[in-house]
Structure formats: structure tokens, C-alpha cells
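What follows is a single structure, written as C-alpha cells, with notes after it.
The values are calculated or read from the model by the stated rules, or taken from the named source; none is laboratory data. This one's a predicted model, so the numbers in the text were calculated from it and none came from an experiment. As a convention, Cβ positions derive from the backbone with ideal geometry for all residues, glycine included, and neighbour counts pool all protein chains shown. Note: accessible area is taken over every heavy atom of the protein model, side chains too, but ligands, DNA and RNA are not part of it. Shrake-Rupley method; radii C 1.70, N 1.55, O 1.52, S 1.80 Å.
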Amino acid sequence: MKRINLKKVIITGANGMLGTAIKKALSAQDVYAFSSNELDITCSQQLHKKIAAIQPYYIINCAAYTAVDLAETEQEKAYRINALAVQKMAQIADQYDATLIHFSTDYVFNGDAATPYTSNQETDPINIYGASKLAGEKAISQVNGNHYIFRISWLYAAHGKNFFNWVAGTDLEELNIVDSQTGSPTSALDVANFINHLLNNDPANYGVYHFTNQGEMTWYAFAKAINQKLDLGKNINAVAEFKTIAKRPAYSVMDCEKTGSIFNYSIPSISDGLEQVITLYKS
Ligand SMILES: NC(=O)C1=CN([C@@H]2O[C@H](COP(=O)(O)OP(=O)(O)OC[C@H]3O[C@@H](n4cnc5c(N)ncnc54)[C@H](OP(=O)(O)O)[C@@H]3O)[C@@H](O)[C@H]2O)C=CC1
Ligand SMILES: Cc1cn([C@H]2C[C@H](O)[C@@H](COP(=O)(O)OP(=O)(O)O[C@H]3O[C@@H](C)C(=O)[C@@H](O)[C@H]3O)O2)c(=O)[nH]c1=O
């Protein structure tokens, strides 16, 4: 059936964790969803061709380089996808009068704060992934079009590769998990529902926003919650350090108050987000 009254929406990176959730949440919209095989965002010719043919009202960019440790040795690739391609996408979106919805990360902050970061607080990434995402944010802002950037954090879902699925699926009976990093685990489903709300109630108030499930906890506390809710019976030990190639911020909780008020949206808590994902995981 042709949806003539709906605004056209392009989703890039549609088979990733967030792309999958957004595709599902927007099932009532006129969606053109592309996996990395169908649309490589680093190829500006492909981008141009798709956008020119579809003439979307929104472009939702879920395509990204997200391998935090690997980025330390694949710097060029991380920047090519997270910054250069994003710059081109913003330019083409602007050319076709499309609104770009892009996602960034809590890893743009250095983690030295003790209270939640606001969206205009100074950024200072401590790893290549965070730096490449920040470069993407800056490139978009320079284009100065109709662009939303949502910084999200510690994303998980019952699908895709993420911390929740790793804890839930590993055969290990004993897990040593860091309790020296604090953030806000965020359900991809809740991000997707919010984006659907935005599409239906767009205040046209463009800029950088924070969106995370409300509350904060350490990775250790998150692992314990997953263990308990899924009745996994694992031994979860708190460790002060877990050696990784890339550094992670010690504290990356983000203040989402502006998002709630500008979009007139009540953002779900971490426990509500987890409850829903647990239900999906079990079903
Ligand atoms: N995961 C997290 O914890 C967080 C994520 N974010 C941000 O949220 C967004 C979505 O992340 P998430 O869904 O978790 O990431 P995923 O890694 O799950 O998905 C990213 C998708 O992008 C695709 N992709 C990679 N390169 C290209 C390319 N050149 N052209 C087109 N598609 C490409 C990948 O396809 P393929 O697999 O085929 O390469 C994959 O499907 C990103 O911007 C990320 O930075 C922010 C904070 C936390
Ligand atoms: C496997 C493992 C990890 N850890 C730690 C390492 C790390 O600090 C934390 C989470 O590990 P991950 O590799 O899932 O986390 P990480 O890749 O750092 O997750 C990040 O991804 C990018 C894309 C983002 O944008 C961030 O918001 C954030 O979600 O758990 C342990 O403590 N014990 C373990 O056995």
C-alpha cells in the first residue's frame, strides 16, 4: 500500500542494534531502510543517489563504526565512517532539505565530572572512537542545517552485540566486571520510541541533545541486575580495573533535562528500560 500522507524516512545502518530497533518502532512511517550492503555511507555517490531518488523528509543515521578497542588501531576507518561520511551526509541532507537525525556518544566526555554532563559542557574524548564521533558532531554542526544530534550511552537490546546479550549468553559462570565506570545503560527500544515521538511531534529545535535511560550505575551493577532479573545464577565480582585497549571515561552520565522539556517527553528509567528488554529477551 502506498503511504502518500506520510513523510519519507531513510534509515542508514538499518541492520545494526539501534537501526533494527528504530526500523521496528517506525513501522507506521514511510521508511526506506538500508543495511551497510545496500548503502555504504562512505560512498557519497551512493548517498547522493539514494537521497535524490527518495527525497526523504528525515534521514536517520544509525550507521557507525562502534568497535571501541579496535578503533585505536583502525583510526582512519573510524574517522572515515564516523566523521567524513557524516559530514557528507549532512551536506547532502541540507541540499535536499532533509532533516538529519544523528547519534553520538557519552564517550565524547573525558569522565572527570562528578555530576551529569549537560549538552553544552566541554567535550574531551579519551579514546579514538569518542574522538571520531566528536569530529562527526562538529562536521554536522558546521553544515548548519536541520540537524539533530542525540548523544546516547551504553546501548543494549535483546538483539545485536551488546553488554546485556554478552552477560545473558556467556557460558562463564564467574564474571569480573568493573565498578569504576559509571554511566546510564540505555535500551535501544527506548531510543527508538523517542525517535518515533520526535517524528510525530517535531519541534524543529535543532541541535545537540542527550538521551539516556534515567539514572546511573556501574557496569558491575548493570551485570548484577541482568544476572538477577534473568536468574542466571552467575558469580559477578566487582573489579577496580578490567584491562582494555581503549580507555573508557570513569563517569559519563548525561543530563537529559533539556531533551525532556524541548520534546515534551518523559524519558523512562534504567529499571523500566531493563524490564522491557528482559521481557523481550525471554519471549
Ligand atoms: N552501542 C552503543 O553502546 C552506543 C552506540 N552509540 C551510537 O549509536 C549509533 C548506533 O550504534 P549501534 O546500533 O550500537 O551500532 P552497531 O555497531 O550495532 O550498528 C552500526 C551499523 O552501522 C553499519 N555500518 C558500518 N559502516 C557502515 C558504512 N560505511 N555504511 C553503512 N553502514 C555502515 C554496520 O553494518 P556492518 O555490521 O555491516 O558493518 C552496522 O549495521 C552509532 O552512532 C553509535 O556511535 C552511542 C552510544 C552507545
Ligand atoms: C568483557 C568484560 C568487559 N568488562 C568491561 C569493559 C568495559 O569497561 C565494560 C563494557 O564493555 P563493552 O565492551 O560492552 O563496552 P564499550 O564498548 O566500552 O561500550 C561503549 O560502546 C560504545 C559504542 C559507546 O558509544 C558507549 O556508550 C559504550 O556503550 O565492561 C569487564 O569489566 N569485564 C569483562 O569480562
The aspartates and glutamates whose Cα lies under 16 Å from the Cα of K50, excluding any fewer than 8 residues away in the same chain, are D30, E38, D40, D94, D97
Among K8/K49; K243/K282; K77/K258, which pairs are too far apart, with a Cα-Cα distance over 21 Å?
K243/K282; K77/K258
Only helical DSSP H runs with n ≥ 4 go in: add -39500 (n - 2.57) per run for the chain, normalise by residue count and round the 222 nm mean residue ellipticity to 500 deg cm²/dmol.
-10500 deg cm²/dmol
Per the C-alpha gyration tensor (a ≥ b ≥ c, the square roots of its eigenvalues), region 25-184 is rounded if a/c is under 1.5, else prolate if a/b beats b/c, else oblate; here it's prolate
Accessible area per residue of the chain at 1.4 Å probe, in Å²?
47 Å²
For the chain, find the longest principal axis of its Cα atoms and tell me its angle to the long axis of helix 85-95, 0 to 90°, nearest 10.
30 degrees
Starting from the amide H of L39, placed 1.01 Å from N in the peptide plane, find each other amide H under 5 Å away whose residue is 5 or more places distant or on another chain.
none
Tell me the accessible surface of E173 in square angstrom (1.4 angstrom probe, heavy atoms of protein chains only), to the nearest ten.
140 Å²
Estimated inter-spin distance, E76 and L230, nm [label 7 Å along Cα→Cβ]
3.8 nm
When ranked by the protection proxy of mean other Cβ atoms within 10 Å per residue, highest first, what sequence do the peptides 232-245, 180-193 form?
180-193, 232-245
Calculate how many DSSP beta bridges within the chain are antiparallel, expressed in % of all such bridges and rounded to the nearest 5.
5 percent
Counting pairs of alpha carbon atoms under 8 Å apart in space and at least six apart in sequence, what relative contact order in percent does the chain give?
20 percent
Rounded to the nearest 0.05, FRET efficiency between H197 and S283 (Cβ-Cβ, R0 35 Å) equals 0.90
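Pull out the extension gain between E122 and Q55, defined as 0.36 nm times the separation in residues minus the alpha carbon to alpha carbon distance; nm, one decimal.
20.6 nm
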Net +/- balance of residues flanking A98 in space, Cβ distance below 15 Å, scoring K and R +1, D and E -1
+1
Percent accessible area from carbon and sulfur atoms, the chain, protein chains only, probe 1.4 Å
47 percent
Assigning unit charges at the beta carbon (Lys, Arg +1; Asp, Glu -1) and nothing else, what dipole magnitude in debye, to the nearest 20, does region 8-282 show about its Cα centre?
600 debye
Based on the alpha carbons, how large is the Rg to Rh ratio for region 169-225 when Rh follows Kirkwood?
1.14
For region 8-282, build the convex hull from the C-alpha positions and give me its volume per residue in Å³.
120 Å³
So S271 and V239, fully extended at 0.36 nm per residue minus their Cα-Cα distance, gain in nm 9.2 nm
Give me the extension gain from F163 to N205: residue separation times 0.36 nm, minus the current Cα-Cα distance, reported in nm with one decimal.
11.8 nm
